[in-house]
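Just below is one structure, and these are the notes that go with it.
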Amino acid sequence: MVPAEDEKSLPLPERWPRASKFALSACAATVAELVTFPLDLTKTRLQIQGEAAARGSGAAAGQAVPYRGMLRTAAGVVQEEGLLKLWQGATPAVYRHIVYSGVRMVAYEHLRDSVLGRAEDESFPFWKAVVGGMSAGAIGQFFASPTDLVKVQMQMEGKRKLEGKPLRFRGVHHAFMKILSEGGIRGLWAGWVPNVQRAALVNMGDLTTYDSVKHFLLLNTPLTDNSLTHSVASGCSGLVAAVLGTPADVVKTRIMNQPRDKQGRGLLYKSSTDCLIQTVQGEGFMSLYKGFIPTWMRMAPWSLVFWLTYEQIRRICGVSSF
């Protein structure tokens, strides 16, 4: 036990290590999110267009589907809606990452260091890293799911305006209150199952890959714990996360964006499994990778910016390297 007087003299990271790590990861995630957000919006638009269930329900009757690629979609948003619309939904996205990244990073380190147990040489078996990464991602995403729901729905507001449909929300606060009033507390967690499934897969790619590659390089190569090592590890983590997470991301986006009845039940899909089956049957298996290029092109720089920023912030604040 550290005496109370001595404890007060300790720096904040040592007095409140988990709160400090939460705050540092939230700061790094905010920077990464704002830099790469236009790619996230482009990805969301690509995942929604050509939706077979919407065509079948008549929701998209008579509307031509542009089937734009990533660059044409981004250029179309700028031309038709304005440059700043590339950041539409950025506010709830930042809220989401403050919660999501903060919780997942703290949860993973706790699982790695205290529950699953890392060896004295700091090696960590791959299967433990998989368990820790998937668990931390699922926990973080569950708490952040309401903000993700608002982000997805606000990202589609510009498209609704172009289609002549009335806008659903006036802002982030109005979106939260409207969803809450229409669907109750459960309405804020609409789509949380595919959301959590996606987060588990993404973090098996992101957290697991980054941690495993970084410590493999440190233990088996001349590389030291510096920006080069962090860059190599983050590049690997971004690619693996995109490959594993894109199908679940497509399902999540469609479930969150679908219209709902007064009880908050989806009108197009009964569940994430139903959405998966309808998507594959109506559009083919590769439709699960709609938006893969912008997803990967976003995850790669997002991962790079996040991990480099996070590691540097930890070093500056006197917190040990991840």
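Using heavy-atom solvent-accessible surface (probe 1.4 Å) with all chains present, what is the largest-first order of His230, His173, His110? Could you put the intermediate results ahead of the total?
On the way: His230 10, His173 135, His110 70 Å².
Listed by decreasing accessible area, they come as His173, His110, His230.
Taking 0.36 nm per intervening residue step and subtracting the Cα-Cα distance, what contour gain separates Ser271 from Asp121 on full extension? Mind showing how you got there, number by number?
Working: separation 150, 0.36 × 150 = 54.00 nm, distance 4.47 nm.
Additional length available on full extension: 49.5 nm.
I need the GluC sites (Glu not before Pro) found in region 130-184, filtered to DSSP loop residues with at most 15 other beta carbons within 10 Å of theirs.
Numbers: sites: Glu157, Glu163, Glu182; in loops: Glu163.
Hits after loop and neighbour filter: Glu163.
What do you get for GluC sites (Glu not before Pro) in region 78-120 restricted to DSSP loop and a cutoff of at most 13 other Cβ within 10 Å of the site's Cβ? List each step's numbers first, then the result.
Details: sites: Glu80, Glu81, Glu109, Glu120; in loops: Glu120.
Filter output for region 78-120: Glu120.
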Legend entry - Alpha-carbon centroids, region 75-110 and region 173-235: separation in whole Å: 13
Inset, instruction - Kindly express, to the nearest 10 degrees and within the range 0 to 90, the angle between helix 90-110's C-alpha long axis and the longest C-alpha principal axis of the chain. - result: 40
Legend entry - Heavy-atom SASA rank of Trp302, Trp127 (probe 1.4 Å, accessible area, largest first): Trp127, Trp302
Legend entry - Mean projected area in nm² (Cα convex hull; one quarter of hull surface) for region 239-284: 3.5
Legend entry - Tilt relative to the chain, helix 126-155 - C-alpha long axis, 0 to 90 degrees, to 10: 40
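Once you compute Rg and the Kirkwood Rh from C-alpha atoms, what is the Rg to Rh ratio for region 210-258? Don't skip to the end; give the middle numbers.
Numbers: Rg = 15.5 Å, Rh = 12.4 Å.
Taking Rh as the inverse mean 1/r over Cα pairs, Rg/Rh reads 1.25.
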Legend entry - For q = 0.09, 0.16 Å⁻¹, Debye-computed log10 I/I(0) when each Cα of the chain counts as one equal scatterer: -0.48, -1.35
Legend entry - Cleavage-rule hits, trypsin sites (Lys or Arg not before Pro), region 89-188, DSSP coil, Cβ neighbours within 10 Å at most 16: Arg168, Arg170
Inset, instruction - Using only Cα atoms, find the angle between the long axis of helix 227-257 and the longest principal axis of the chain, and express it within 0 to 90 degrees, rounded to the nearest 10. - result: 30
Inset, instruction - Starting from the residue with the highest accessible area, list Ser287, Ser123 in decreasing order, probe 1.4 Å. - result: Ser123, Ser287
Legend entry - region 123-189 pair-distance distribution - Cα-Cα, 5 Å bins, rounded %: 3, 15, 18, 17, 12, 10, 8, 7, 5, 3, 1, 0
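Could you work out the local net charge near Trp87, counting Lys and Arg as +1, Asp and Glu as -1, over the other residues with Cβ closer than 13 Å to its Cβ? Write out the running numbers ahead of the final one.
Details: positive: Lys85, Lys151; negative: Glu33, Asp40, Glu81, Glu157.
Counting the neighbours of Trp87, the net charge comes to -2.
The values are calculated or read from the model by the stated rules, or taken from the named source; none is laboratory data. Predicted, not measured: the structure shown is a model, and the values here were computed from it. Virtual Cβ from ideal backbone geometry, glycine too; neighbours counted across all protein chains shown. What goes into the accessible areas is simple: the full protein's heavy atoms, side chains included, and nothing from ligands, DNA or RNA. Shrake-Rupley method; radii C 1.70, N 1.55, O 1.52, S 1.80 Å.
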